[in-house]
Structures are given as structure tokens and as C-alpha cells.
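Structure record follows, encoded as C-alpha cells.
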Amino acid sequence: MWACWFRRHAAGPCSGSRRWRGPRPRWSRGAPRWKAGSSSPRATPAAGREPPGTPPRTAGELYAWWRTSPLAADAYPASLALWPPPGAGGAPEAEIRLASVDLPSPLVAALARSPESARGPRVERLERVPGVHYVLVVPLASGEVLTVGVGPRTRWIPADRVAQFLEGAGRVEPPYQISLSLPEPGGPEASARVIWTRTDWSVRGERRIELPGGMRHVHLRVELRSPLSLVVRGALVVAVDVVLLAGYRGQLAATLSAFVVLPVLLFAVWSFARLGDEARNAGDLLVRQTLRDAAAMAGTLVSEQTAGVSQAIQEVGHQHDADLWLYRRGVLVGTSAPVLSELGLVDPFLAPDAFVRLAFQDELELTADGRTAGRSIRVGYRVVLAGPPDVQAILAAPQLLDDERVRQQQEDLALALVLATLAGLVAAVYLAGLAARGLARPVAALRAAAAAVGRGAPPPPFAAGAPREFEPVMSAFDRMAADVRRSQAALEEARWRTAQVLANVATGVIAVDDGLRVTMANPRAGELLGAPLAPGDLLPRAAPPEWLPVWNAVGDFLAAPRAPAGGDTIAEREFDVGARQIRVQLAPLGPPPADGCVVALDDATALTRAARVLAWGEMARQIAHEIKNPLTPIRLGIQHLQRVRAKPGGLDFDAALRETAERILAEIDRLDAIARAFSRFASPAAEALPLEPVDLFAAAGEVVRLYALGGAEAATRFEVAGVAGAPVLARNDEVKEVLVNLLENARNAGARHVTVRVDDAGRRLAVEDDGRGIAPEALPRVFDPAFSTTSSGSGLGLAIARRLVEGWGGTIGLTSALGQGTTVTITFQGVSSPNS
């Protein structure tokens, strides 16, 4: 809760930093919203409120609260303190410094005791070194004032010793050191340029920046280490690169030289252990020296009160720049960092082993291993007040074992050992190279022979003296090369025969790849195109422009999804190219994933013309046949009138005239119907009206209601089944005409029950009857113009129906069985169909 409160009040003011260009805290992202609602922190709705929860009172509680804030997660350097009421004065009641931020205690005390603190929480922005610092000042209900100082995230601000114990040192140290010079008032202007210079085995960079107090120099130092370390690193880079590029030879050398690596690894383990011992001994020496320096002052503190001892031991720790713990009678009485004690990181009782050795075995000082906050430490102990155990006082000094210098020494040793290992492998690599050459020569000969076979050339003979293990491989390769040559000869012969066959056919044949490039073409194809074709030619460029629709169709065929193996079909299309009609057949070159297809071109102009002449002849014969049927009754009627007129008296002439006139008019109406049917069948589809949305269910119901007017005494009963669906694309009048034709056919077939069914969401219409049906041998010809199952029909009803349905973009089909009835099914395209 404290973290959320801090973010709420610190959002706006903290977003105003311009000098420090490092990453901003996450709580500064709320600045625009804060500024939009008020002009000062006191104008916010939460101004003057007490922070939620119980405020911290000790250094340990301050640290626990800080760990819950997002600033701690972002690793910002900070300093926290709890000050007495503004009128009381004095030192802070609780304080914890996690980093060496440039916020002196007098400055923070002045902010806490300012009259502004009585008005509510606020955030102060301070221009400090090395950048902008922010101080949160929060007055508490009890009168105390809580301050939180935050500096920029930079390596210029080192972590405090307490923070190192609590959070540990950074695991990865940068390869450089950065420092600031003292201010120079009136110096040169700031510069963004970094000036680099080489000094011995280090590189220095310098840049001028303007900070409070004047111009300062930023010094950046990159240590190149010793010449030996530099040589080791360079040699490793070269060696690793050579090993990566060596391939099989390097792997063989590594395998043969493994016996060299194992002793080096053992030596490395021993060397690392020795370095750790040396580092431990150096640390013990430093701890003992620190304890000896501080023992005299610590011995005088034993007789003081506990509160005085705690304050005094802090001063001793600051003087010697070390963490000190003072034990009396085995119990902790003071520490230079009280926050560590509050957080439970300092054992309140002396370690039993150390107490026994110092109190009962008369040892003066010792060092032992320990752990705090999950980290390994080394603790030194020294007796500062001798005597029995109930009087004895012991001073302890902890030291973290995370020493960067030890890590650097271990790194140098590791690199040196790696270089030594590589140097020891040189001989093994050389010997492995000699062995590898012996194996590489026959392999290279096999590679050269394979490349020659791939080019179609005869393989070179293998040199004598190859290892005996390669002789079966070389013999098998010779047999394989002979088989390849025989297969190539057979393939060339088959190709020549195919070319000879294609050269003499009347069909133009072109084989193309998936990019419409010619792979093979016979002479007839060039004659049809009017341009020669050669392998590699691009069809759209090699052929005249009027052939472009044909090549577009070929491209669509190649782009369409391929059917599985064995399911390929031949696509056939016809195109008008100039004055000729070209029939195109397309077939894939093979099963997937084969690319390309075969294009067969035929000039069908003469064949189409002959078929058209035959069709018109058949049509003329049918028209003559259909007209001849009504003319016979007309002729007979006229002859009957002539005979009646020639009879004496002529009393029955009027009755005969009326009867004959009705017959003649009926036959004339029949002739008119035949003429209109043939005219409709012969009309071109281009003259048809545009398609429109049609409700099939409504159209079917309207037609069926007309037929139902005959009443119950009618021989045939009509009905509509199904449900209404989405509209379809058709022409309403034509739909009714097709339905009338189909219902008339059903009634003429002797059906007693006819059902018009609409289903498939209104996109399919079926006319089902229980008439006498159609014979199986007649089913293939039901849509031919000359076919009829009755002597009175013209045979054009179903032909006209199919023509109309196909003009809508639909399909029509018929199924029938003798004695069971007939079903005619029509499918339509929806209004939203892409073809619409």
C-alpha cells in the first residue's frame, strides 16, 4: 500500500527531469494525468491524507516497506529516514542508506523540518551529483516526518555496505570504471564528444558535463589487463575460429587428444581451489587487521549502557569503514549497521564454536565461515575484554566472499589453462591431420567421380593405393555409374521416339513448367501459334497477343489445387482466337508434387462449322416434322368442307363449317406454339435480361395455386413442400415458365400426385411425380431438342428448360424409373455467390 501511495504522489513531479537521461522510474509515467488535473501536489484529491497502513518506525521496517515499492524492483539508489517532529530537532529516529546518494543529512533534515511539511506530502526535485535527485517528504499523524531520497540509476552511485549484505553485489561487473572530477567553476563548455586515449595497458575516455557546482570531467577507464591476459584472449579467439572451420579434421583431432584435456582439467580444479584459499587467507588477514585496529576503541565501550554501545559502535564502524558486531557474555550488544540486526541478518548470539574456542580454549582471535541473507561470509572474532565467559567481550567483523578480484584471477587462470590446453593439442591436431589426409584422398576421388556423373561426363578412374576398406565402395560406384549411363541412353531413346511421334500428329503439344516456360513443343504447335517455340521461351511473350486468354487459362490450371495421385483429370476449354476456334486440353505432367502441365491445341474451326451445319439440318428436319403434323388435319378439314359443299342441298354445311373451323384454329394455335418454342430455343443467351433475386418458395407456390384451381375433381393433385430460404439469382418469369413446363410434363405422364419441393436453404428445387416414368435407355436423350415421350409434344420443353437454367448459372438433372415416377432437380446460385 505504501508503494501505491508513493507512486500516486510522486508521479507528476518526478516526470520533469531533463538533465538525467537514464531510464525513468515506472511511477513517472503518470505525470501527464497528474499535471492535467492540478498544478501542484497539494491540489491532488489525495493531498494531505495519511498513507494507508501502519507507517514504519525502525530501520528494518523502512527496508521492508522499501522492498515492496516498484522503485526497489527497478534498482534505484535510495536513502530512507524517519525524522522527529519539526519542532523537536535532533538526529533521525530511524535511517537506512542503501546507496551513497548525494543527499547529505542536513539537507534532508531541512526539507523534513520545513513549514511545507505541515501542509501534506510533497516531492522535492534537487539538482545534485551526478543528476537529478527526488526526495519524498511525508508527514505522519504522530508528527514524525518520513523522507525517501532517490537518485538516478548509474554506476556512479555505489551501493552501501548494508545494501551489499542485504541484496548482494552485482554478479556481473562491467569491464570499465567510471569516475567524476571535482567541479571547475568557469571551465570550458560541456561536450558530448568522448575523447579516448591509450595509457599503458588501459584505455581512458573523457567527456565534460555540466553539474551543480560547475563543470566536471567524466573519466572512463577500460583495463586491458596485463599483456599475458591480452595475448591469451586473442589466441583463444583465433584458436576457436580455426576449430570451428576445421570440420571433420577438428573433430577427429579433438577425439584423439582427449587424453590431453583430462590432466589439464584436474590441474584447473586444483588451481581454482588454491586461488580460493589464497583469497580466503587474504580476507582473513584484512579482517584480523580491522579487528586489531578497532579492538582498543571497542574495549572501552563494554562498560557503557546498551543504547550508548549501539551508537558508539556505529561511530567505530564508520571510522574504520567496516561492519562490526560487539558481543558481551555471548549476546549481541551493538552493531555498526542496526538495520541488519533488525532484519535478523545478525545472529543475536555468538556462534557456539567461536564462543567455546574464545571463552574456554583461551584463543585470542579466529575466523570462521558463516551465512547471512543466503550469502556466504567470512567472520573474524577477537577478544576485546578478557575474563570469564560472563564478563568476556568479543568483537566480530563480517566480510562478503563475493570478491571481484578473485573472480578476475580465476578468469585469467581459466583462460590461461584453455590456451595451454589448446597448445598441448597442436601436436595431436597435426597428427590427426596426417591421418585425415589419408582418409580424405579416397573420399575426394569419390566426390570428383560423383560430380562427373552428375555433369554427364565419364567418371575419372580411381587412383591405385586406396585403403582396402574403400575398395567395395569404389567398385559399387563404378557399377552405379554404368547403370546411370544405360538409364540415360534409354531415356534419350524414349525422348527421341516421343519427339518423332509428336512431330507427326495434327495436334499442337506444348509442355510448360509452373512459370509458363516452354520445356518442349512439337512443330504443329508453332504452326497453330504462328511463331516458333524453343525450350525456355515464355508463352505470353513468344505467342501473338490474341492467345493471351489461353495462357491465362493455363496459369489458372497450374495455380489450382492439385488432386492426389491417381485423381488428375484433363481440363478442356474452347477459345475464339482471331477467326479460328481453338480447343485446348490441359493435363498435369505427373502426380503431385510435379510442376507444369501439357497443353494440347486443336483447330476446331472446320469441325465446329460441320457440326453447326448438321445441327441446323437436324433442326430443319425437326421443324418440318413438327409443322407437317398440324397441316394434315387442316388439309383434311378443307377437303371435308369441299365434299359437304358439293353435296346436293348443302343442309349440313354450316355445322360442318363450325366443326372444321374449330379444328383448323386449334391446329393453327399448335403451329404458333411450335414456332414460338423454336424461336425461344434458338434465341441467343446474350439477349436475356439481367438476373434478379427470386424467392423460389413464393414462385413455386404461385404456379401450384394456378394448377390447383381445377378443384378436387382434377386427376392430378399438386402441392408445395419445404421452407422458404434466401433469394437466388434467376428471372422470375423464366422460373415460372420452367415450372409450368415441368408440371405439364408430369401431368402428361399420368401422374396423380406432383410435389414441388424447395430445400437447401432455398437454393434447390425438385419436381417429384408418380407418373409412368422414363425408360433407362431414353434417359441420356431427355434434354435433346428432338426427344419427346409423347406423340403430341415438340420435344423442346426440357431443352428450353435446360437452356434457361444454365443461363441463370444453375444446373438441372433428371432421374426416373419406369412405373415409379420422375424427379427433376434444379440448383441455383445464391445472391452472394462470387459468380453473381
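Please treat every number below as a calculation from the coordinates, not as lab data. If you're wondering where the values come from, they're calculated on a predicted model, not measured in any experiment. We place every Cβ from the backbone using ideal geometry, glycine too, and count neighbours over all the protein chains shown.
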Starting from the coordinates of the alpha-carbon atoms of segment 177-223, obtain the Kirkwood hydrodynamic radius over all distinct pairs and give the value in Å to one decimal. 11.1 Å
Residue by residue, what Karplus-based ³J(HN,Hα) values in Hz, rounded to whole numbers, does segment 575-582 have, using 6.51, -1.76 and 1.60 with θ = phi - 60° and x for Gly and Pro? 9, 9, 10, x, 9, 10, 10, 10
Name the residues whose placed amide hydrogens come within less than 5 Å of the amide hydrogen of residue 372, ignoring near sequence neighbours (fewer than 5 apart) on the same chain. 377
In sequence order, what are the phi-derived ³J(HN,Hα) couplings for segment 817-827 according to the Karplus relation 6.51 cos²θ - 1.76 cosθ + 1.60 with θ = phi - 60°, rounded to whole Hz, with x for glycine and proline? 9, 4, x, 10, x, 9, 10, 10, 10, 10, 10
One checks the Cα atoms of segment 505-603 and finds Rg and Dmax, in Å, of 12.8, 39
Fewest Cβ neighbours within 10 Å first, please rank 647, 736 accordingly. 647, 736
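As a footprinting exposure proxy, order 107, 358, 533 by other Cβ within 10 Å, with the fewest listed first.
So the ranking, lowest neighbour count to highest, is 107, 533, 358.
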Going by amide H atoms built from the backbone, whose H comes under 5 Å of the H on residue 721, apart from near neighbours? 756, 757, 758
The exposure ranking of 274, 153, 441, fewest beta-carbon neighbours within 10 Å first, is 274, 441, 153
